[in-house]
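Single-structure report; data block below.
Just so you know, all these numbers are worked out from the coordinates, no wet-lab data involved. Everything quoted here is computed from the prediction, not taken from an experiment. Heads up, the Cβs are rebuilt from the backbone with ideal geometry, glycines too, and the neighbour counts pull from every protein chain shown.
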Amino acid sequence: MQDQKDSDEKVVLLSHGAGGILQEELIKFVTSSATVRKVGEGIGIDAFDDGATVPLTDSDYEIVMSADGHTIHPLFFPGGDIGLLSAASTINDIAMMGAKCIAISSTVFVEEGFWFSELEKIMKSFNDALGSNGVALVCGDTKVIPKGQLDQLMMSTTGIGFRPKNRYIADNNVKPGDNIIVTGPLGDHEAALIANRHGIDLKTELTSDVAILLDMIESLGDFEGIHAMKDPTRGGLASALNQWAQQSNVGISLNEKEIPIRTEVRSICDILGLNPYHLASEGKALLAVDAEHTQSVLEALRSHQLGKDTIIVGVAQEENSGMVLIKSEYGGTKFMDSPYGEPIPRVC
């Protein structure tokens, strides 16, 4: 039995699921015994990307897959619920690899005693989000867990899409000289949850930014000049950019004054001693784009409602490989490290 282990036995912590350094450690641990780690020349486990690819024989296309678990608390939060979040997270992960999600499977774990009326709201939100984006719910499972052994409801989703084989968009593909672009203010999702849980009243309407990015990403057309895309969810901007820097062997230099953070988000961070660059967003995208195509990408993103605040925040470079540096408004430079864990658990 686990409770009979020695007191110095290593245990799994909440922070192991936080999108930072500890989560990477946990992922490597649970996948370490997998012997077949990718299909052919596709992207597999070792890439630690938003998804994986499965090359198709005698085809110009490849399958893109992504899987995610959703444990958010509370189930209904300012700006959304676990149903919308589950749909958005998976569709966005597929989109961040330059693919269109066409189908999703869903597993719902429900605690005994959960209200059917609440379940109806969640599943309607989930299915409406899929339907409005042309994504089919094709299979899944439902499990009922004895009361007290689960906190109400959790969901697990797997998405599948397609992209041309010659469209390589991946975390290890950022090039020196690429402009680093963000599609709007960061950290709204986690900040809204924190304020809601802690009863912080800032006399404002701060809500989660949870949104499906597929339509905005498809406005980019053939993705020319785009080398990498990522939605900064668990671990926020800092985690996402450090993954790019380390996997692509580039340095990333940011201009602090250009990074869009709402005043309300900064206020919540100041009150609770948090780093806004570590907070999750659920409706924003980061892009690494070569200089030649940056202007056309900016114009395409800004033409969409979800990307109207798109801005360049930095550049990738050969110097300081594997590191993310941020230039302050006062002329100094500091490291933007990956979070060790996350400020609060169960934000997505």
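Observations on the model:
- Over the chain, relative contact order from alpha-carbon pairs under 8 Å, at least 6 apart, %: 23 percent
- Over all projection directions, the Cα-based convex hull of region 157-278 averages an area of 9.4 nm².
- Relative intensity, log₁₀ I(q)/I(0), of region 307-348 from a Debye sum that treats every alpha carbon as a point, q = 0.24 Å⁻¹: -0.98
- For peptides 151-164, 109-122, sequence by mean Cβ density within 10 Å, most packed first: 151-164, 109-122
- Per-residue extension of 0.36 nm, minus the Cα-Cα distance of residue 142 and residue 224, leaves a gain of 25.4 nm for this segment.
- Footprinting exposure proxy ranking of 11, 144, 135, 30, fewest other C-beta atoms within 10 angstrom first, gives 11, 30, 144, 135.
- Region 41-164, dipole about Cα centre (Lys/Arg Cβ +1, Asp/Glu Cβ -1), debye to the nearest 20: 380 debye
- Other residues whose C-beta falls under 12 angstrom from the C-beta of residue 330 contribute a net charge of +1, scoring Lys and Arg +1 and Asp and Glu -1.
- Taking every DSSP bridge with both residues inside region 41-164, close to 75 percent are antiparallel.
- log10 of Debye I(q)/I(0), alpha-carbon scatterers only, for the chain at 0.08, 0.13, 0.15 Å⁻¹: -0.38, -1.05, -1.42
- Kirkwood-based shape ratio for region 41-164, expressed as Rg/Rh from alpha carbons: 1.03
- By the count of neighbouring beta-carbon atoms within 10 Å, fewest first, 43, 312, 271 end up ordered 271, 312, 43.
- Expected 222 nm ellipticity per residue - DSSP helices of 4 or more, -39500 (n - 2.57), all of the chain, to 500: -8000 deg cm²/dmol
- Per-peptide packing, taken as the mean over residues of other Cβ atoms within 10 Å, places 34-42, 262-270, 323-331, 91-99 in the sequence 91-99, 262-270, 323-331, 34-42 from highest down.
- Computed packing ranks the peptides 64-76, 185-197 as 185-197, 64-76, most packed first, by mean other Cβ atoms within 10 Å.
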